[in-house]
Amino acid sequence: MFIPLGTDRPLERPTLLVYALIAINAAVFVAQAYARRFTDADAFAPFVLASGGDLAFLGSEFWTLVTYGFLHADTLHLVFNMLFLYVMGPNVEDRFGRVGFLAFYLGGVIVSGLVHLTFSFYAVIGASGGVAAVTGAYLVLFPKTRIKVLWLFGIVIIPSWWIIAFAIARDFLPIGLWRSNIAH
């Protein structure tokens with residue numbers, strides 16, 4: 001397993017939105033954990049992107065196209081989404097600018113949610129759609145960049161497209177193997 005740690009691409013301006021998105025996702029996850037532990041386990045149900053193969057509900061619950069992107073199923077789900085955002089997000093934010101990056105990230109969340117609703121009868125949670133959009137943009141914008149990763153035998157530096165190909169394979173392999181409320 002590869003765990004990305006950083007890139008060799010310098011930034012022209014400080015990162016702000018990536019860190020804010022990571023903080024918001026972490027805060028929402030802590031609130032979810034608190035709600036599961038001390039209150040009603042379904043306290044966050046109004047923020048989950050429900051499904052059932054019918055897009056008609058979006059008229060009254062359109063906000064769930066964004067809110068589901070800040071909920072996570074478990075700690076590993078949160079950690080790996082935020083890790084990829086932390087590694088690749090700053091360069092994409094640097095290139096797109098803050099407003100463009102935020103629009104792109106939230107657009108990735110919305111589009112992936114709509115695609116999930118089109119092809120699945122299961123509700124969905126997670127930032128995977130936004131992170132996948134950022135990861136794809138990173139591959140297009142910086143195909144020759146190298147990423148430092150933690151691997152079985154230590155830290156190695158590999159081409160960015162290797163880690164992105166691995167992430168894509170990781171997302172496509174589970175399709176059909178199990179059903180969950182995490183989009184793969």
Segment 1-141 - convex hull of the alpha-carbon atoms, volume per residue in Å³: 121
Residues residue 111 and residue 3, FRET efficiency given R0 of 41 Å [Cβ-Cβ distance, rounded to 0.05]: 0.90
Where 157, 3, 147 fall by accessible area, highest first, once all protein chains stay in place (1.4 Å): 157, 3, 147
With all protein chains modelled, accessible area of residue 72 [1.4 Å, Å²]: 0
Rounded Å value of the spacing that divides the Cα centres of segment 11-41 and segment 57-112: 12
Which of 104, 2 is most accessible, then next, and so on - probe 1.4 Å: 104, 2
Difference of contour (0.36 nm per residue) and Cα-Cα distance, residue 76 to residue 98: 5.2 nm
Residue 95 - accessible surface, heavy atoms, 1.4 Å probe, Å² rounded to 10: 120
Accessible heavy-atom area order of 19, 68, highest first, probe of 1.4 Å: 19, 68
In Å², nearest 10: area of residue 39 left accessible to a 1.4 Å probe: 70
Å² per residue, accessible surface of segment 48-163 at 1.4 Å: 47
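The values are calculated or read from the model by the stated rules, or taken from the named source; none is laboratory data. Computed from a predicted structure; not experimentally measured. All Cβ positions, even for glycine, are placed from backbone atoms using ideal geometry, and neighbour counts span all protein chains on display. Please note that ligands, DNA and RNA were not included when accessible areas were found on the heavy atoms of the full protein model with its side chains. Shrake-Rupley method; radii C 1.70, N 1.55, O 1.52, S 1.80 Å.
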